[in-house]
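Notes to accompany the following structure.
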Amino acid sequence: MRYISTRGGMPPKHFSEILLSGLSPDGGLAIPEDYPQITAVELAAWRDLSYQSLAFEILSRFIDDIPADDLRTIIARTYTPEIFASHEITPLKTLEPGLHILGLSNGPTLAFKDIAMQLLGNLFEYTLEKTGDELNILGATSGDTGSSAEYAMRGKHGIRVFMLSPLGKMSRFQTAQMFSLQDKNIFNIAVRGVFDDCQDMVKAVSNDHEFKHAHRIGTVNSINWARIVAQIVYYFKGYFAATQSNNEQVSFAVPSGNFGNICAGHVARMMGLPIKHLILATNENDVLDEFFRTGVYRPRTTKETKHTSSPSMDISKASNFERFIFDLTGRDAARVAQLWQAVDQGNPFDLSTTSLFEKIRCYGFISGTSNHAARIATIRETYQKYNLLIDTHTADGLKVGLAHREAGVPLICMETAQATKFAESIVEAIGHEPERPAGLENLEELPQRFVVKDVDTQAIKTYIDEQCKST
């Protein structure tokens, strides 16, 4: 298995070579030369595997430069009931026949991103131990990526984490999860802007190849392919849990901001998993829904980006979307580079009058959008009808998923986080606060450690340089 860039400017590389690097040298994203194809015989053999065994079968097809025994050990150390509070790791919750929620938020930060981030932390540590190098992780978060990354990397030898987040734009719980960490290798940077400003600065630093090389900059954002490949596993696991045989199709409803989670579903479908539809759900920041409805990809400006009650999806430029467009164009790297040249200059692109727009339906995507009133109503109705409390992002996914539900096709809605992370909205929906997991009762009252910066890439680079010299 070798990896190339969506923009065509990177020679094929092994998994371990792209693991630590983030963006490709040409500004594109790493993607496999070909997706491994899963046969009917293999799919049948995988149906009753444990999560750990299934993860090895899938990951080993994308990672062939880590010895099999070492990869098994890394997986076994990552996916434990102690870390994920369940032997199933991602248990399926059945609301009624044919309607399910895949439980993805049992990790240490109560968000689905723990599933990939815990693996990433162990892969980073394994690779750095082999080379003796250090790594400075630079990331941006709109809510959950930051805490998942920091909890996965805290205290790990040879790793520092610099995490940018939009000042005042996350829930109090999300903010406290990150800023209360006192580990010396964790650096929280609150940016006077929105998530897209943070993400743009991460990309700008990554595109400064001299600085990136000198400071060993890597990334944990979902532009890192290892994040995507880890998430592919639970699409297979969810499919097996919701079906009786491999002759059935299912549809997945996926809350989507940066297109990472649903990109993993796209790859799973390309590998041969019987997915009928990938139902993409956005909040009021509906850039992706607009594209799948109209063929126009129009990233919003900072001023146009809305602050919502599902803040982890307050994103107007979806990084992983480039991977899907690469596949949609027939892997035409020159075309992708041309399209993203426009995007990087703040301009839209329009595929509505091209044959590519017609091709989208071949990939199973449909979409819809939600808003505050709809998500509050969905939380309330789900609690009253099924005695299950869901968070605001999961509510967006369930609302849009139900709008596209088809008779005879099981619908699996992807859980994003536990409701306790968004207590204000939960109170609005059901009249009382969600129950806090043990040990997190007074999280917001803990001392917080962070710095505040303007939207200024040079200031971020200066801060990284100062901390690397002093720690």
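The values are calculated or read from the model by the stated rules, or taken from the named source; none is laboratory data. Please read all numbers here as calculations on a predicted model, not as lab measurements. Methodologically, a virtual Cβ is constructed for each residue, glycine included, from the backbone with ideal geometry; neighbour enumeration extends over all protein chains shown.
Quick notes
Each row is one residue, and each column tells you yes or no for (1) in contact with a Ser or Thr (Cβ under 7 Å, 6 or more places away or on another chain); (2) buried (at least 24 other Cβ atoms within 10 Å of the Cβ); (3) modelled with pLDDT of 95 or more.
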position: 84; (1), (2), (3): no, no, yes
position: 92; (1), (2), (3): no, no, yes
position: 113; (1), (2), (3): yes, yes, no
position: 124; (1), (2), (3): no, no, no
position: 174; (1), (2), (3): yes, yes, no
position: 189; (1), (2), (3): no, no, yes
position: 192; (1), (2), (3): no, no, yes
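- Under the condition of being touching a helix residue (DSSP H, G or I) at 6+ places or on another chain (Cβ under 7 Å) and closer than 16 Å to residue 99 by Cα, the residues counted in the stretch 241-254 number 4.
- Of all residues in the stretch 361-398, those being crowded, with 21+ Cβ neighbours inside 10 Å and in a helix (DSSP H, G or I) number 11.
- Residue satisfying all of: in the stretch 148-158; in contact with a strand residue (DSSP E or B) (Cβ under 7 Å, 6 or more places away or on another chain) and buried (at least 22 other Cβ atoms within 10 Å of the Cβ); farthest from residue 194 (Cα to Cα) among these: 153
- Restricting 130, 156, 184, 203 to those that are over 27 Å from residue 301 (Cβ atoms), among the charged types (D, E, K, R), out of contact with any helix residue (DSSP H, G or I) (no Cβ under 8 Å at 6 or more places or on another chain) and at pLDDT below 90 reduces the list to 130.
- Positions within the stretch 39-50 being of a type in the set (A, V, I, L, M, F, W, C) and either part of a helix (DSSP H, G or I) or buried (at least 18 other Cβ atoms within 10 Å of the Cβ) (or both), in sequence order: 40, 41, 43, 44, 45, 46
- So residue 350, is it surrounded by fewer than 16 Cβ atoms within 10 Å (Cβ to Cβ), out of contact with any Leu (no Cβ under 6 Å at 6 or more places or on another chain) and at pLDDT 95 or above: yes
- Any chance residue 401 is over 27 Å from residue 172 (Cβ atoms) and assigned to a helix (DSSP H, G or I): yes
- Matching option when the condition is at pLDDT 95 or above, surrounded by fewer than 19 Cβ atoms within 10 Å (Cβ to Cβ) and farther than 29 Å from residue 409 by Cβ, among 344, 332: 332
- Residue in the stretch 326-336 that is of a type in the set (D, E, K, R), within 13 Å of residue 28 (Cβ to Cβ) and in contact with a strand residue (DSSP E or B) (Cβ under 7 Å, 6 or more places away or on another chain) present: no
- For residue 65: the one exception among (1) crowded, with 19+ Cβ neighbours inside 10 Å; (2) in contact with an Asp or Glu (Cβ under 9 Å, 6 or more places away or on another chain): (1)
- Tabulated pairs, the stretch 5-34, first of a type in the set (D, E, K, R) and surrounded by fewer than 17 Cβ atoms within 10 Å (Cβ to Cβ), second modelled with pLDDT of 95 or more and not in a loop (DSSP other than H, G, I, E, B), C-beta under 8 angstrom, 6+ apart or interchain: 17/3; 26/5; 26/337; 33/3; 33/4
- Single unsatisfied condition, residue 83 versus (1) among the β-branched types (Val, Ile, Thr); (2) more than 28 Å from residue 388 (Cβ to Cβ); (3) touching a residue at least 24 places away in the same chain (Cβ under 8 Å); (4) assigned to a helix (DSSP H, G or I): (2)
- Some residue of the stretch 428-442 being surrounded by 12 or more Cβ atoms within 10 Å (Cβ to Cβ) and of a type in the set (Gly, Ala, Ser): yes
- Residues of the stretch 287-298 that are outside any helix (DSSP H, G or I) and surrounded by fewer than 21 Cβ atoms within 10 Å (Cβ to Cβ): 295, 296, 298.
- Filter pass, residue 69 being without any contact (Cβ under 8 Å) to a residue 40 or more places away in the chain, more than 23 Å from residue 247 (Cα to Cα) and in a loop (DSSP other than H, G, I, E, B): no
- Within the stretch 299-329, the set of residues being hydroxyl-bearing (Ser, Thr, Tyr) and part of a loop (DSSP other than H, G, I, E, B) comprises 301, 302, 305, 308, 309, 310, 316, 319, 329.
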